[in-house]
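Undergrad: Once you've had a glance at the structure underneath, I'll fire off some questions.
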Amino acid sequence: MSKKLSWVLLFTLLGSMTFTGCTDEDPQDNNSSTNPSDNNEDTNDDSSQSISNETYYANKFGKDALETYYLWNEEIRDDLNQWNIETNNDPIGTFSRIRYHEGEKYIDKWSMLTNDMTSLTNNMNGTTTSFGWNLTIYNMSSTVNREQYIGVVNFVYKDSPAAKAGLKRGDILLTLDGKIINSENYMNLYSNSTLTVTLGLLDPESYTIQDQNKEVSLTAVSMYENPVICDSIYEFNGKKVGYLAYTSFDFASIPQVIEISRKFKAEQVKELILDLRYNTGGYVTTEQVLASLFAPQAAVTNKEVFEKEVYNKALTQYYQEKGINLESHFETDFEYQDQGQTVKVNTKDANIDLEKIYGLIGSRSASASEALLGGLMPYTQIELIGSQTQGKYCTGSLISAKDFYINTPAELNNWGTYVMINIYQNARGETPCMPDGLIPDIAVDDTPLLPYAIGDVNEPLLKQALIEAGRTYDESSTSRTLSRSMVPKFRKLPQAENRTFGKRILTLPSTVIRDMRIKAEAQ
């Protein structure tokens, strides 16, 4: 098969408005002489071996996407120049290795190339094959000779296999398929299609783990993980405080969040506890909807600036020439595509006109979560409670090879990329989570080991927010926290869940793609 690829870059690197259709000639025979600089360890080039058509096309797609869209395309220019698309045999690994980094430290920890775009997109939309649980993994090893982990349930999604099995926050996974959980098998808690676990529970008096003498078998299913895991209203001291625990900025949850906001408005809620500790991000449109629900009514009425976007030089010039505004504003009317359908929603009667937001945050709070809180800071009093967030201050775009090229070879039908394309700023030109995350005003450790459900007034983060809002507690019955002597025993594995990463997704306008295709096809 001749390796020919008719293609058009969605945005021209030259910054002009001329769009051309180009054809790649057949690559040189791999046995012919090759520039030694093209064969380096970083790009896995091996001129002694031929590569498949799929690998060649994947190399080209990954390299083209980075050259065109990537926020740091100039910073990685040398690596891009060394990426030999005719000999490199690891396009996914190469894409990952040449992401923007300074020495051994990766500035960009999120961009990725994939050969399973369907699964990636479904996961971003909240549909995945899973047991429906969210876990924290702890290393309980006391000696080097016995490595032992436990899994602790943070929460379960409604109607999931985990929920139907009766699992809840605070349940401890002691064994996995009859074996001790350790570094060799703990990822099976996320990737297996079936498994059996035995359960334990923390004794809050002795801080020891007690075996529940209960075994649970689960089968993963393809399901929608509804990110609204709890909403409540707490009334005390003559006022009402709303609570929303939200785990992902997906499209499907937008109508539900609007209805919750209407309920809060009807109940005259003026302060909101927004629990984003497990929210790794999602779609920019969803973030903008929530911002317009939670911002002061005057800011929404006046359509004031919510966020600004900073792109690479070529994309900035493109947008300027097209007259596209790089600012987003508070709105009341939104239109977006969900599952191939155009959805229109209106938030005009749902704005709560909040006076204060208590943001519950943690190490898994990322991207759109950080952007929402940072974007509201110029307008609303925000108090952050919890622990430092991830620090994903940039926006990615999901780009499939089928959308990127006019004539896409069959080998690329399920290839795609999630590539960082801009840095977001609030109306003051600030990115509060940059570079290392939002810092809490009040530090409180998230402790799922304690048997308090999300939404329980004794759950440590929620309790602290309610105290800040003016609720009083009987100190004789307050929630316990792990004693200092127990802290070394329970050591969290950071980012143990392989699907946990910052995601803030900007959907590129279909009109831009259509216009460019028309111009390219006219050549």
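The values are calculated or read from the model by the stated rules, or taken from the named source; none is laboratory data. Source: prediction; values computed, not measured. All Cβ positions, even for glycine, are placed from backbone atoms using ideal geometry, and neighbour counts span all protein chains on display.
Undergrad: Quick check: is even one residue across segment 144-156 free of Cβ contacts under 8 Å to residues at least 60 places away in the same chain and either in contact with an Asp or Glu (Cβ under 7 Å, 6 or more places away or on another chain) or in a helix (DSSP H, G or I) (or both)?
TA: no
Undergrad: Another question, then. In this structure, does ASP171 turn out to be within 23 Å of LEU412 (Cα to Cα) and either touching a residue at least 24 places away in the same chain (Cβ under 8 Å) or surrounded by 15 or more Cβ atoms within 10 Å (Cβ to Cβ) (or both)?
TA: no
Undergrad: Please work out which residue is surrounded by the fewest Cβ atoms within 10 Å (Cβ to Cβ), limiting yourself to segment 376-397 and to residues that are under 12 Å from VAL284 (Cα atoms) and of a type outside the set (Ser, Thr, Tyr).
TA: Checking each candidate, the answer is CYS394.
Undergrad: Determine if segment 328-343 includes at least one residue that is touching a strand residue (DSSP E or B) at 6+ places or on another chain (Cβ under 8 Å), touching a residue at least 12 places away in the same chain (Cβ under 8 Å) and closer than 22 Å to LEU71 by Cα.
TA: Checked segment 328-343: at least one residue is touching a strand residue (DSSP E or B) at 6+ places or on another chain (Cβ under 8 Å), touching a residue at least 12 places away in the same chain (Cβ under 8 Å) and closer than 22 Å to LEU71 by Cα.
Undergrad: I'm trying to understand the selection: among the residues of segment 97-134, which are of a type in the set (Gly, Ala, Ser) and touching an Asp or Glu at 6+ places or on another chain (Cβ under 6 Å)?
TA: GLY126
Undergrad: Just to check your reading of the model, which residue among GLU67, GLU25, GLU86, GLU54 is acidic (Asp, Glu), part of a loop (DSSP other than H, G, I, E, B) and at pLDDT 55 or above?
TA: GLU86
Undergrad: Could you please give the count of residues in segment 312-363 that are assigned to a loop (DSSP other than H, G, I, E, B), under 24 Å from the mean Cα position of the chain (by Cα) and at pLDDT 95 or above?
TA: The total comes to 3.
Undergrad: If you don't mind, there's one more thing I want to ask. Could you list, in sequence order, the residues of segment 410-431 that are crowded, with 21+ Cβ neighbours inside 10 Å and part of a loop (DSSP other than H, G, I, E, B)?
TA: Residues satisfying the conditions are TRP415, THR431.
Undergrad: Determine, yes or no, whether ASP42 is at pLDDT below 95 and either under 29 Å from LYS313 (Cβ atoms) or assigned to a loop (DSSP other than H, G, I, E, B) (or both).
TA: yes
Undergrad: Can you tell me which residue is nearest to LEU202 (Cα to Cα) among those in segment 436-446 that are surrounded by fewer than 19 Cβ atoms within 10 Å (Cβ to Cβ) and under 22 Å from the mean Cα position of the chain (by Cα)?
TA: Looking at residues that are surrounded by fewer than 19 Cβ atoms within 10 Å (Cβ to Cβ) and under 22 Å from the mean Cα position of the chain (by Cα), I get ASP445.
Undergrad: List pairs: first in segment 70-91 and free of Cβ contacts under 8 Å to residues at least 60 places away in the same chain, second aliphatic (A, V, I, L, M), Cβ under 6 Å, 6+ apart or cross-chain?
TA: Listed by first residue and then by second, the contacts come to ILE76/ILE98; ASP79/ILE98; ASN89/ILE51; PRO91/ALA58.
Undergrad: Before we move on, is ASN279 touching a residue at least 24 places away in the same chain (Cβ under 8 Å) and more than 28 Å from SER365 (Cα to Cα)?
TA: Judged against the criteria, ASN279 is not a match.
Undergrad: A follow-up question, please. Could you list, in sequence order, the residues of segment 344-361 that are touching an Asp or Glu at 6+ places or on another chain (Cβ under 7 Å) and surrounded by fewer than 24 Cβ atoms within 10 Å (Cβ to Cβ)?
TA: Hits for segment 344-361 are LYS344, ASN346, GLU355, LYS356.
Undergrad: Scan segment 185-197 and tell me whether some residue there is under 21 Å from THR447 (Cα atoms), among the small types (Gly, Ala, Ser) and part of a helix (DSSP H, G or I).
TA: no
Undergrad: Evaluate the following for LEU449: is it under 27 Å from THR208 (Cβ atoms), modelled with pLDDT under 95 and surrounded by 16 or more Cβ atoms within 10 Å (Cβ to Cβ)?
TA: So LEU449 fits the description; yes.
Undergrad: What pairs come up if the first residue lies in segment 223-236 and is of a type in the set (Phe, Trp, Tyr), the second is modelled with pLDDT of 95 or more, and their beta carbons are under 6 Å apart, counting only those six or more places apart or on different chains?
TA: TYR234/VAL241; PHE236/ARG471
Undergrad: Could you please give the count of residues in segment 237-270 that are touching a residue at least 60 places away in the same chain (Cβ under 8 Å), farther than 14 Å from ASP353 by Cα and either in a strand (DSSP E or B) or of a type in the set (A, V, I, L, M) (or both)?
TA: Number satisfying all stated conditions: 6.
Undergrad: On to the next question. In segment 271-301, how many are outside any strand (DSSP E or B) and either touching a strand residue (DSSP E or B) at 6+ places or on another chain (Cβ under 7 Å) or modelled with pLDDT under 95 (or both)?
TA: Final tally of qualifying residues: 13.
Undergrad: Further question: Output the residues belonging to segment 286-311 that are buried (at least 22 other Cβ atoms within 10 Å of the Cβ) and of a type in the set (S, T, N, Q).
TA: THR286, GLN288, SER292
Undergrad: Within segment 99-141, which residues are in contact (Cβ under 8 Å) with a residue 60 or more places away in the chain, over 22 Å from VAL419 (Cβ atoms) and not in a strand (DSSP E or B)?
TA: PHE131, GLY132, MET140 - these are the residues of segment 99-141 that are in contact (Cβ under 8 Å) with a residue 60 or more places away in the chain, over 22 Å from VAL419 (Cβ atoms) and not in a strand (DSSP E or B).
Undergrad: Taking only pairs six or more apart or across chains, which ones have beta-carbon atoms under 6 Å, a first residue in segment 386-413 that is within 30 Å of LEU360 (Cβ to Cβ), and a second residue that is of a type in the set (Lys, Arg) and not in a helix (DSSP H, G or I)?
TA: GLY386/ARG277; THR395/ARG504
Undergrad: Pairs, please: C-beta under 6 Å, at least 6 apart or cross-chain, first residue without any contact (Cβ under 8 Å) to a residue 60 or more places away in the chain and farther than 22 Å from GLU102 by Cβ and in segment 435-447, second β-branched (Val, Ile, Thr) and surrounded by 14 or more Cβ atoms within 10 Å (Cβ to Cβ)?
TA: ILE442/ILE385; VAL444/ILE385
Undergrad: Could you identify the single residue in GLY166, GLY151, GLY103 that is at positive phi, out of contact with any Gly (no Cβ under 6 Å at 6 or more places or on another chain), outside the structural domain of TYR57 (by TED's automatic domain parsing) and not hydrophobic (A, V, I, L, M, F, W, C)?
TA: GLY166
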